[in-house]
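Below is one structure; the comments refer to it alone.
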Amino acid sequence: MSLREVTSELDGNLNRLAEKLRSNLRISILTGAGISAASGIPTFRGQEGLWKKYRPEDLATLDAFDTNPVLVWKWYAWRRERIVTSQPNRGHHVLATWSERINSFCLITQNVDGLHERAGTHGVIRFHGSIWELQCRNKCPESPDSWWDDTVPFRSIPPTCPYCHGLARPGVTWFGESIDHEILRQSLSATDCDIFFAIGTSAIVNPAANLIRQAKQNGAFTIEINVDATPASDLVDLAFHGPAATILEQIEQRLTRCP
């Protein structure tokens, strides 16, 4: 296929999608690390992904934390410092606009960076928690399930629980841990929609990866936006391979263009 043919096909698919989005439909979106890449937040599985440099079992498991909480917290503190100096990118802002414009809109994010909320997106479901929340490692009876702490940098590492003075841990879901039951229920409910996007996610890690398959089974029109092809690319109705912020901007331009 020639470059002109590829460009024409892309333009046609973008126009087709924009027409669908102009209708009063139920839209659900799943985002992963790729949506934050344009904000300078490292992804996990790309060519320069964090898991190319670190092993998940060394930094993102409860065993790793119990073995070396200082090492784990230094890594999370570094990520918090990267995030606090970053800004939501155009992709975040497009989705925030959709959350205001579309009556039935749901955004599920695997990201813990909080950039969707900073962009103004309404009703975000935090599938893996938030890097800005802490939890008591001992689950002491005095502490809540989690609490907000946006201190950067921490006065000491590892931070401690203000209620029992034991270790505090990041308020995120690690490998080997279960997704919060209510969060999972809300996310599965969101797959009962008309249009389902998977944006900037590798479609590898379950149960999040299964959401797009569930939406497809529920009859949704499914779209993937990702830099690279994923296991979901052959499943979806439309696959756009490129930077999430760029493609979302192209869709938004068509939505706001005069008919």
**Request:** Run the accessible area of the range 18-170 with a 1.4 Å probe and give the carbon-and-sulfur part as a rounded percent.
**Result:** 47
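Would you calculate a helix-derived [θ] at 222 nm for the chain, using -39,500 (n - 2.57) for each DSSP H run of n ≥ 4 and dividing by the full residue count, to the nearest 500?
-11000 deg cm²/dmol
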**Item:** Spin-label zone in the range 213-242 - amide nitrogen under 17 Å from a point set 7 Å from the Cα of residue 13 along the C-beta vector
**Value:** 221-242
**Message:** Run the simple label-point estimate for residue 163 and residue 217 please: 7 Å along Cα→C-beta, distance reported in nm.
**Reply:** 3.7
**Request:** Please work out how much length the chain gains when fully extended from residue 237 to residue 20, using 0.36 nm per residue of separation minus the C-alpha to C-alpha distance, in nm with one decimal.
**Result:** 76.9 nm
**Fill in**
Once the mean of 1/r over all distinct C-alpha pairs in the chain is inverted, the Kirkwood radius in Å reads 19.3
**Complete:** Restricted to the range 80-194, the DSSP antiparallel beta bridge percent, nearest 5, is 70
**Item:** Percentage of interatomic Cα-Cα distances in the range 129-199 larger than 20 Å
**Value:** 44
**Prompt:** For the range 129-259, what is one quarter of the convex hull surface built on the Cα atoms, given in nm²?
**Reply:** 11.1
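The values are calculated or read from the model by the stated rules, or taken from the named source; none is laboratory data. This structure is a prediction, so every number in the text was calculated from the model and none was measured. We place every Cβ from the backbone using ideal geometry, glycine too, and count neighbours over all the protein chains shown. All accessible areas refer to the heavy atoms of the entire protein, side chains included, with ligands and DNA or RNA removed. Shrake-Rupley method; radii C 1.70, N 1.55, O 1.52, S 1.80 Å.
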